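**Q** Just passing along the structure, written as structure tokens.
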Amino acid sequence: MVMKDLRNVRIDYNLDSLTETDVRKNPQEQLINWMDTAIDKKIPEPTAFCLSTIKHDLTVSSRIVLAKEIEDTGLIFYTNYNSAKGLDIAKNGSGSAVFFWAELQRQVRIEGELEKIPCIQSDSYYSMRPLDSKIGAWASPQSEIIADRTVLENNFKKYKEKFSKSDPGRPSFWGGIKLSFKTIEFWQGRQNRLHDRIKYRKKNEGWDIIRLAP
């Protein structure tokens, strides 16, 4: 197999621009604005982002998860608390997130602290999930080594039968995590690699808005 020359793979960005006067007064409003645009433009998986956590040996682990809520103070996703990322978060709360909407030539980077949300909030979201998704939360021992796929299929069948006559409640090991907004950077691709980078930095009860060189 002959690998293609990656050095010649490039695209010039020219869809939009971003200035200090364009952005909203706080990062939550700006993130919602860009998220709504991605959804309206029917970008595939518009809520998907790369979540990075710190492992016990201080190395970094990353994976794609889905954002489910955007609050004034942070971004919320849901997971198995016993998963690899859940165990990382329990030991070290620092984390980061990256959204990338290639079709819009936009990126958002978030850094902050990760923590569990209140149980009542997790219950509320879990109750909205489709039945099979609820059962899936019970059936998957997330991040554990399993012999083969039949383990998952058998688990799913077992819990499907168990909850055939009642709605499954939320497992105690499954729920929401919030990544707090400490810094958020909004990146808009521009021509000649002179991209726009506008960053919000937490300052007391407000935000500093600064421009970074690309």
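**Q** Looking only at region 195-205, count how many residues are in contact (Cβ under 8 Å) with a residue 12 or more places away in the chain and farther than 16 Å from Glu111 by Cβ.
**A** Looking only at that region, the number is 2.
**Q** Same structure, new question: Out of the residues in region 131-151 that are in contact with a Gly (Cβ under 9 Å, 6 or more places away or on another chain) and not charged (D, E, K, R), state the one that is surrounded by the fewest Cβ atoms within 10 Å (Cβ to Cβ).
**A** Among them, the one singled out is Ser143.
**Q** Is there a residue being part of a strand (DSSP E or B) and of a type outside the set (Gly, Ala, Ser) anywhere in region 155-163?
**A** Looking through region 155-163, none of the residues is part of a strand (DSSP E or B) and of a type outside the set (Gly, Ala, Ser).
**Q** Among the residues of region 42-70, count how many are surrounded by fewer than 16 Cβ atoms within 10 Å (Cβ to Cβ) and within 15 Å of Glu111 (Cα to Cα).
**A** Residues meeting the conditions: 4.
**Q** Moving on to the next point. Is there any pair with a first residue in region 1-15 that is in contact (Cβ under 8 Å) with a residue 24 or more places away in the chain and a second that is assigned to a loop (DSSP other than H, G, I, E, B) and surrounded by 10 or more Cβ atoms within 10 Å (Cβ to Cβ) whose Cβ atoms are under 6 Å apart and which are 6 or more apart or on different chains, and what are they?
**A** As it stands, the answer is Tyr13/Gln105; Tyr13/Gly189; Tyr13/Arg190; Leu15/Gln105, since those pairs meet every condition given.
**Q** Would you please name the residue that is nearest to Glu69 (Cα to Cα), looking only at residues in region 164-196 that are touching a Cys at 6+ places or on another chain (Cβ under 9 Å) and part of a loop (DSSP other than H, G, I, E, B)?
**A** Across region 164-196, the extreme among qualifying residues is Arg170.
None of the figures in this text is laboratory data; all of them are computed from the coordinates on show. Since we're looking at a predicted model, the values are computed, not measured. Glycine gets a Cβ as well: all are built from the backbone with ideal geometry, and neighbour counts include every protein chain shown.
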